[in-house]
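What follows is a short report on a single structure.
The values are calculated or read from the model by the stated rules, or taken from the named source; none is laboratory data. What you are looking at is a predicted structure, and each value in this text was computed from that prediction instead of being measured. Cβ: placed from backbone, ideal geometry, glycine included. Neighbour counts: every protein chain shown. Areas reflect the complete protein model, heavy atoms only, side chains present, ligands, DNA and RNA absent. Shrake-Rupley method; radii C 1.70, N 1.55, O 1.52, S 1.80 Å.
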Amino acid sequence: MKKLIILLLAIVTTSCIPVSIAPKFKNQDYKIMLAKKFQRKMPREMSFIFKDSKDANEFYQYINKKYQLNNIDVGINVPFQIDGQTLYLTYREAERTDKSINLPLVAIDAKRESNGNSPLFEDNYSSRTGHWYIILTVYDENIKNCLKDNHSLKAKTIQYLKNLKQEYLTTQNYEAFLFTKKS
(Lines give C-alpha, C1' and ligand atoms only; values in the text may rest on other atoms or scores of the structure.)
Protein backbone atom coordinates (compact mmCIF):
# COMPACT_ATOMS: atom_id res chain seq x y z
CA MET A 1 0.00 0.00 0.00
CA LYS A 2 2.89 2.33 0.86
CA LYS A 3 4.46 1.76 -2.58
CA LEU A 4 1.15 2.59 -4.28
CA ILE A 5 0.86 5.88 -2.40
CA ILE A 6 4.46 6.80 -3.28
CA LEU A 7 3.81 5.91 -6.93
CA LEU A 8 0.63 8.04 -7.05
CA LEU A 9 2.41 10.93 -5.34
CA ALA A 10 5.27 10.71 -7.86
CA ILE A 11 2.85 10.71 -10.81
CA VAL A 12 0.87 13.67 -9.48
CA THR A 13 3.91 15.79 -8.69
CA THR A 14 5.65 15.17 -12.01
CA SER A 15 2.76 15.73 -14.34
CA CYS A 16 0.75 18.48 -15.90
CA ILE A 17 -2.95 18.30 -15.18
CA PRO A 18 -5.20 19.34 -18.09
CA VAL A 19 -7.85 21.85 -17.07
CA SER A 20 -9.48 22.28 -20.48
CA ILE A 21 -8.94 20.62 -23.83
CA ALA A 22 -9.79 22.08 -27.25
CA PRO A 23 -12.12 19.85 -29.29
CA LYS A 24 -10.80 17.38 -31.81
CA PHE A 25 -13.26 16.17 -34.41
CA LYS A 26 -13.20 12.39 -34.80
CA ASN A 27 -13.55 10.68 -38.20
CA GLN A 28 -13.60 13.98 -40.12
CA ASP A 29 -12.04 17.41 -40.08
CA TYR A 30 -15.27 19.32 -39.46
CA LYS A 31 -18.36 19.05 -37.30
CA ILE A 32 -21.97 20.10 -37.80
CA MET A 33 -23.49 21.10 -34.50
CA LEU A 34 -25.16 23.92 -32.59
CA ALA A 35 -22.64 26.73 -32.32
CA LYS A 36 -23.77 27.39 -28.74
CA LYS A 37 -22.68 23.87 -27.74
CA PHE A 38 -19.26 24.55 -29.24
CA GLN A 39 -18.82 27.86 -27.41
CA ARG A 40 -21.31 29.40 -24.99
CA LYS A 41 -21.23 32.93 -26.42
CA MET A 42 -22.24 31.74 -29.90
CA PRO A 43 -25.84 31.85 -31.16
CA ARG A 44 -28.11 28.81 -31.06
CA GLU A 45 -27.91 27.78 -34.71
CA MET A 46 -26.69 24.75 -36.64
CA SER A 47 -23.20 25.43 -37.93
CA PHE A 48 -20.38 23.89 -39.92
CA ILE A 49 -17.25 24.10 -37.73
CA PHE A 50 -13.64 23.39 -38.68
CA LYS A 51 -10.20 24.10 -37.27
CA ASP A 52 -8.39 27.04 -38.84
CA SER A 53 -4.68 26.36 -39.22
CA LYS A 54 -3.92 29.69 -40.91
CA ASP A 55 -3.03 33.11 -39.50
CA ALA A 56 -5.48 35.68 -38.15
CA ASN A 57 -7.74 37.38 -40.73
CA GLU A 58 -6.88 34.83 -43.43
CA PHE A 59 -10.48 33.61 -43.69
CA TYR A 60 -11.69 37.20 -43.93
CA GLN A 61 -9.29 37.81 -46.83
CA TYR A 62 -10.34 34.56 -48.47
CA ILE A 63 -14.08 35.35 -48.32
CA ASN A 64 -13.48 38.95 -49.36
CA LYS A 65 -11.53 37.94 -52.49
CA LYS A 66 -13.55 34.84 -53.40
CA TYR A 67 -16.89 36.63 -53.40
CA GLN A 68 -15.43 40.00 -54.50
CA LEU A 69 -16.91 41.92 -51.57
CA ASN A 70 -14.47 44.88 -51.56
CA ASN A 71 -14.32 44.81 -47.73
CA ILE A 72 -18.08 45.41 -47.43
CA ASP A 73 -20.08 43.08 -45.14
CA VAL A 74 -17.43 40.36 -45.32
CA GLY A 75 -18.67 37.35 -43.43
CA ILE A 76 -22.23 38.59 -42.97
CA ASN A 77 -24.89 37.13 -45.27
CA VAL A 78 -22.55 36.59 -48.21
CA PRO A 79 -24.76 35.39 -51.10
CA PHE A 80 -23.92 32.31 -53.18
CA GLN A 81 -25.88 29.92 -55.39
CA ILE A 82 -26.78 26.24 -55.09
CA ASP A 83 -29.22 24.73 -57.58
CA GLY A 84 -30.38 28.19 -58.68
CA GLN A 85 -31.28 29.20 -55.13
CA THR A 86 -29.52 32.04 -53.35
CA LEU A 87 -28.13 31.10 -49.95
CA TYR A 88 -26.40 33.33 -47.43
CA LEU A 89 -23.15 32.46 -45.67
CA THR A 90 -22.12 33.97 -42.35
CA TYR A 91 -18.93 33.12 -40.48
CA ARG A 92 -17.47 33.66 -37.05
CA GLU A 93 -14.09 32.83 -35.58
CA ALA A 94 -13.73 31.27 -32.15
CA GLU A 95 -10.78 30.33 -30.02
CA ARG A 96 -10.71 27.24 -27.84
CA THR A 97 -7.71 26.54 -25.66
CA ASP A 98 -5.80 23.70 -24.11
CA LYS A 99 -4.93 24.62 -20.52
CA SER A 100 -2.89 22.64 -18.03
CA ILE A 101 -1.44 23.19 -14.59
CA ASN A 102 2.18 22.24 -13.95
CA LEU A 103 2.22 20.83 -10.40
CA PRO A 104 5.97 20.30 -10.01
CA LEU A 105 6.64 24.01 -10.53
CA VAL A 106 3.95 24.94 -8.00
CA ALA A 107 5.47 22.52 -5.47
CA ILE A 108 9.01 23.84 -6.02
CA ASP A 109 7.90 27.45 -5.52
CA ALA A 110 5.86 26.51 -2.43
CA LYS A 111 8.94 24.89 -0.92
CA ARG A 112 11.12 27.90 -1.82
CA GLU A 113 8.61 30.32 -0.26
CA SER A 114 8.43 28.22 2.93
CA ASN A 115 12.23 28.55 3.13
CA GLY A 116 11.97 32.34 2.76
CA ASN A 117 13.07 32.50 -0.89
CA SER A 118 11.26 34.15 -3.75
CA PRO A 119 9.41 31.95 -6.28
CA LEU A 120 11.20 31.08 -9.52
CA PHE A 121 8.39 29.71 -11.67
CA GLU A 122 5.52 32.02 -10.75
CA ASP A 123 4.59 32.78 -14.37
CA ASN A 124 4.88 29.13 -15.46
CA TYR A 125 2.32 27.40 -13.24
CA SER A 126 0.02 26.87 -16.17
CA SER A 127 0.38 26.54 -19.91
CA ARG A 128 -2.12 27.60 -22.54
CA THR A 129 -2.29 26.82 -26.23
CA GLY A 130 -4.93 28.43 -28.42
CA HIS A 131 -6.70 26.81 -31.36
CA TRP A 132 -8.85 28.81 -33.76
CA TYR A 133 -12.02 27.53 -35.40
CA ILE A 134 -14.21 28.86 -38.20
CA ILE A 135 -17.95 28.60 -37.60
CA LEU A 136 -20.08 28.81 -40.76
CA THR A 137 -23.86 29.16 -40.95
CA VAL A 138 -25.94 29.13 -44.10
CA TYR A 139 -29.50 30.41 -44.50
CA ASP A 140 -31.84 30.38 -47.48
CA GLU A 141 -34.00 33.27 -48.69
CA ASN A 142 -36.75 32.28 -46.22
CA ILE A 143 -34.27 32.56 -43.32
CA LYS A 144 -34.20 28.80 -42.76
CA ASN A 145 -30.95 27.22 -41.63
CA CYS A 146 -29.70 25.00 -44.47
CA LEU A 147 -27.75 22.74 -42.09
CA LYS A 148 -30.81 21.48 -40.24
CA ASP A 149 -31.88 17.90 -40.90
CA ASN A 150 -35.21 18.84 -42.48
CA HIS A 151 -33.83 21.31 -45.05
CA SER A 152 -33.97 20.13 -48.68
CA LEU A 153 -30.50 21.53 -49.50
CA LYS A 154 -28.68 20.17 -46.44
CA ALA A 155 -26.53 17.60 -48.29
CA LYS A 156 -25.59 20.02 -51.08
CA THR A 157 -24.86 22.79 -48.56
CA ILE A 158 -22.55 20.50 -46.56
CA GLN A 159 -20.73 19.49 -49.74
CA TYR A 160 -20.38 23.15 -50.74
CA LEU A 161 -18.96 24.02 -47.29
CA LYS A 162 -16.56 21.07 -47.39
CA ASN A 163 -15.28 22.26 -50.77
CA LEU A 164 -15.06 25.85 -49.47
CA LYS A 165 -13.04 24.69 -46.44
CA GLN A 166 -10.70 22.64 -48.61
CA GLU A 167 -10.20 25.49 -51.07
CA TYR A 168 -9.49 27.91 -48.20
CA LEU A 169 -6.96 25.63 -46.54
CA THR A 170 -5.11 24.88 -49.79
CA THR A 171 -5.16 28.33 -51.44
CA GLN A 172 -2.16 30.53 -50.77
CA ASN A 173 -2.86 33.48 -53.08
CA TYR A 174 -6.40 34.85 -52.76
CA GLU A 175 -5.73 37.38 -55.52
CA ALA A 176 -6.18 34.52 -57.99
CA PHE A 177 -9.92 34.67 -57.28
CA LEU A 178 -10.05 38.01 -59.07
CA PHE A 179 -9.38 36.17 -62.33
CA THR A 180 -12.03 33.49 -61.84
CA LYS A 181 -15.76 33.52 -62.17
CA LYS A 182 -17.77 34.39 -59.04
CA SER A 183 -19.26 31.23 -57.49
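Taking the stated definitions as given, is Asn57 on the phi > 0 side of the Ramachandran plot, touching a Phe, Trp or Tyr at 6+ places or on another chain (Cβ under 9 Å), among the polar types (S, T, N, Q) and open to solvent by 60 Å² or more (accessible area, probe 1.4 Å)? Spell out how you get there, then give the answer.
Details: on the phi > 0 side of the Ramachandran plot: yes; touching a Phe, Trp or Tyr at 6+ places or on another chain (Cβ under 9 Å): no; among the polar types (S, T, N, Q): yes; open to solvent by 60 Å² or more (accessible area, probe 1.4 Å): yes.
No, not satisfied.
What are the pairs with Cβ atoms under 6 angstrom where one residue, in segment 20-48, is among the hydrophobic types (A, V, I, L, M, F, W, C) and at pLDDT 75 or above and the other, located anywhere, is assigned to a loop (DSSP other than H, G, I, E, B) and buried (at least 16 other Cβ atoms within 10 Å of the Cβ)? Sequence gap at least six, or different chains.
Correct list of pairs: Ile32/Leu147; Ala35/Met42; Ala35/Glu45; Met46/Leu147.
In segment 121-136, is there at least one residue being out of contact with any strand residue (DSSP E or B) (no Cβ under 9 Å at 6 or more places or on another chain), open to solvent by 50 Å² or more (accessible area, probe 1.4 Å) and modelled with pLDDT under 80? Show your work before the answer.
First, pick out the residues of segment 121-136 that are out of contact with any strand residue (DSSP E or B) (no Cβ under 9 Å at 6 or more places or on another chain): 122-123.
Right, trim to open to solvent by 50 Å² or more (accessible area, probe 1.4 Å) and you get 122-123.
Restricting the remaining residues to those that are modelled with pLDDT under 80 gives 122-123.
Yes: one or more hits.
Say we look at segment 74-84 and pick out the residues that are at pLDDT below 90 and farther than 23 Å from Gln39 by Cβ; which of these is nearest to the chain's Cα centre (by Cα)?
Once the filter is applied, the top-ranked residue is Asp83.
Kindly evaluate Tyr62 against the criterion of being under 15 Å from Leu161 (Cβ atoms), in contact with a Gly (Cβ under 6 Å, 6 or more places away or on another chain), surrounded by 14 or more Cβ atoms within 10 Å (Cβ to Cβ) and at pLDDT 85 or above.
On the way: under 15 Å from Leu161 (Cβ atoms): yes; in contact with a Gly (Cβ under 6 Å, 6 or more places away or on another chain): no; surrounded by 14 or more Cβ atoms within 10 Å (Cβ to Cβ): yes; at pLDDT 85 or above: yes.
Against the criterion (under 15 Å from Leu161 (Cβ atoms), in contact with a Gly (Cβ under 6 Å, 6 or more places away or on another chain), surrounded by 14 or more Cβ atoms within 10 Å (Cβ to Cβ) and at pLDDT 85 or above), Tyr62 does not qualify.
Would you check if there is a residue in segment 114-132 being outside any strand (DSSP E or B), within 25 Å of Thr170 (Cβ to Cβ) and in contact with a helix residue (DSSP H, G or I) (Cβ under 9 Å, 6 or more places away or on another chain)?
Pass one, segment 114-132, residues outside any strand (DSSP E or B): 114-125.
If we keep only those that are within 25 Å of Thr170 (Cβ to Cβ) too, we end up with none.
The answer is no; no qualifying residue exists.
Would you tally the residues in segment 149-163 being under 23 Å from Phe59 (Cα atoms) and either among the hydroxyl-bearing types (Ser, Thr, Tyr) or open to solvent by 80 Å² or more (accessible area, probe 1.4 Å) (or both)?
Qualifying residue count for the region: 5.
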